[in-house]
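Readers should treat all values here as calculations from the given coordinates under stated rules, not as data from a laboratory. Computed from a prediction, not measured in an experiment: that's the story for all the values here. All Cβ positions, even for glycine, are placed from backbone atoms using ideal geometry, and neighbour counts span all protein chains on display.
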Amino acid sequence: MFAKTIPLFRLFGIQINLDYSWFIVFFLITSVLALGYFPYAYPHYPFIVYWIVGAFSAVLLFLSVLLHELAHSLVALRFGLTVKEIDLFIFGGVALIEEEAPNPKVEFLIAIAGPIASFFIGSFFFLLAVLYPVDDIINGVINYLMFVNFIIALFNLVPAFPLDGGRILRAIIWAKKDLLTATKISAKTGTIFAYFLMFMGLLSLFKGNFLNGMWYGLIGLFLKQASQRSYEQTKISYILSKYKVQHFLVTVKPLLPEQTLYEVFSYYYPFYHLRIYPVIGKDGKIYVIDILKFKNLPQEQLMKIKVGDVAEPIKVYVSPFDNLTKALRLMNKYGSDELPVIYENTILGVIRRITIESVIEKELSKGA
Ligand SMILES: [Zn+2]
């Protein structure tokens, strides 16, 4: 989704990334603090102190957001879901949890963990403020962080999907109805809240507050897109969950180790038009070959290379009884357009992405 990220470090097996857009918000927060809040509330410091303290506060805010996302992620990990990465970007952070929660309870717990973490961080800074009741710029930093963490907790609790509050709402409706209806309703509240933010943005613009106006407007736009996209994704995985791989696979005659790549290109490819071919190894195990890697080799070389020499052990496949949601998820996860279909060490064929996409298209046009 956000291609330009800087990998920072790994925590609990989760890759933490910084999106380039984060630097915009870092600069904005630092300058608002250094030019506005700190000089106004704590005058008589040298100019440079405001910038250093401003940047320091922005970094602590960044850590607060990271802890919020980490809270979501740790609960997800606890329930066996895969958390690929946490991306920090202009509007905060996002934990990329690979699967949907298996049930409403897990969804609820993952969603509420973030605001609870922010609330605790806010309370921690509140305690610091009590323990350090000196009215200086350090107290200013403490107060600022207490304030923003409480704001993060509250803003995220607004029941507007895909904000945490919207996920909580979805979990509650899901517990009573089904996931699709729950997502539809909570995405609708998400869109309404997004329009409300955009309206607030316009209002700020008319009042002459350009920065606030832009900010509200951009967050509104972002939320509107995110809520619609999340709904579409849920709808698609709901549609695909009704269909089994067995009804959509291309049956393929497995390759044998002694066949040459030339045979594959001249007899198999023109017939199947596949990229991935399953191979039965001499040891009886199943291997795969991706012929795209050899596409540009000259004919003489293709005639010399044996399938058995270049086939690789099978890493990812689906069972005929898996549903298409799982097949598509694995394709996305491994960046592949074709997956072998295997049942109890027997090769049945290959399932293709374009087949799944045509199922989606057909079903969506039915509903429209
Ligand atoms: Zn959150």
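Points to keep in mind about this one:
- Remark: Arg10, Arg229, Arg352 ranked as Arg10, Arg229, Arg352, counting other beta-carbon atoms within 10 Å and listing the fewest first.
- For segment 277-324, the gyration tensor built on C-alpha atoms gives an oblate shape. Its axis ratio a/c (a ≥ b ≥ c) is at least 1.5, and a/b is not larger than b/c.
- Bridgeable lysines around Lys253 (alpha carbons under 18 Å apart, same-chain partners fewer than 8 residues away excluded): Lys282, Lys285, Lys306.
- Here is what passes the span test in the chain: the DSSP H helices with alpha carbon length of 18 Å or more along the helix axis and a Kyte-Doolittle mean of -0.5 or above are 47-78, 104-131, 137-156, 164-176, 179-206, 210-240, 353-367.
- Options Leu328, Pro270, Gln246, ranked by Cα towards positive dipole end of segment 245-367, top entry (Cβ charges): Leu328
- Cut-off 14 Å between beta-carbons: net charge of the residues surrounding Arg170, Lys and Arg +1, Asp and Glu -1: +3
- Set of lysines near Lys362 by C-alpha distance (under 21 Å), chain-local residues within fewer than 8 positions excluded: Lys184, Lys235, Lys242, Lys244, Lys326
- Only lysines eight or more places from Lys4 in sequence, or on another chain, were considered; those with a Cα closer than 18 Å are Lys84.
- Value in Å of the Kirkwood radius, where segment 245-367 supplies the Cα pairs that are averaged: 15.1
- Remark: Ser365, Ser241, Ser227 ranked as Ser365, Ser241, Ser227, counting other beta-carbon atoms within 10 Å and listing the fewest first.
- In this simple spin-label approximation, Ile48 and Glu98 carry label points 7 Å from Cα along the Cα→Cβ vector, and these lie 4.9 nm apart.
- Each DSSP beta bridge with both residues in segment 270-368 is either parallel or antiparallel, and the antiparallel ones are about 95%.
- DSSP beta bridges confined to the chain are antiparallel in about 85 percent of cases.
- Extent along the principal axes, Cα only, for the chain: 83, 46, 39 Å, with the longest axis given first.
- For segment 1-147, the square roots a ≥ b ≥ c of the C-alpha gyration tensor eigenvalues yield an a/c of 1.5 or more together with a/b not exceeding b/c, which makes the shape oblate.
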